[in-house]
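Let me begin by presenting the structure, written as structure tokens, before commenting on it.
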Amino acid sequence: MSGYPWSVLGLGGPATEKDIRSAYARRLKVVRPDTDAAGFQKLVEARAFAIELARERAEDALLHTLDVED
């Protein structure tokens, strides 16, 4: 699963919020809002979507854990 948003962030696939934030920070050194406004907007949107997906995965994992314990 190396498509959007992972490829925009330079990640190979689903990642933790911490990894997403680190990847975003690394990409900010290359994609600058003052020189590439469209690229920067795409990066911001990819970060937001990736974090949303990471939170959903974490929540699903927690719910699965709770289901197993019951």
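In the range 45-60, the residues that are of a type in the set (D, E, K, R) form Cβ pairs under 6 Å with partners that are at pLDDT 95 or above, at six or more places apart or across chains, as follows: Arg47/Tyr24. Could you please give the count of residues in the range 11-23 that are more than 20 Å from Ala61 (Cα to Cα), touching a residue at least 12 places away in the same chain (Cβ under 8 Å) and open to solvent by 50 Å² or more (accessible area, probe 1.4 Å)? Within the range 11-23, residues that are more than 20 Å from Ala61 (Cα to Cα), touching a residue at least 12 places away in the same chain (Cβ under 8 Å) and open to solvent by 50 Å² or more (accessible area, probe 1.4 Å) number 1. Only one of the numbered conditions (1) open to solvent by 50 Å² or more (accessible area, probe 1.4 Å); (2) not in a helix (DSSP H, G or I); (3) not aromatic (Phe, Trp, Tyr) is violated by Ala58, and that is (2).
Within the range 1-29, the set of residues being out of contact with any Asp or Glu (no Cβ under 9 Å at 6 or more places or on another chain) and β-branched (Val, Ile, Thr) comprises Thr16, Ile20.
Take the conditions open to solvent by 70 Å² or more (accessible area, probe 1.4 Å) and more than 16 Å from Gly3 (Cα to Cα) and apply them to Glu52. Does it pass? When the stated conditions are applied, Glu52 does not pass them. Residues in the range 24-49 that are open to solvent by less than 70 Å² (accessible area, probe 1.4 Å) and outside any helix (DSSP H, G or I): Val31, Pro33, Asp36.
The values are calculated or read from the model by the stated rules, or taken from the named source; none is laboratory data. Just so it is clear, the structure is predicted and the values come from calculations on it, not from any experiment. Note that we place each Cβ from the backbone using ideal geometry, even for glycine, and neighbour counts take in every protein chain shown. Remember, those area values only see protein heavy atoms, side chains included, never the ligands or the DNA or RNA. Shrake-Rupley method; radii C 1.70, N 1.55, O 1.52, S 1.80 Å.
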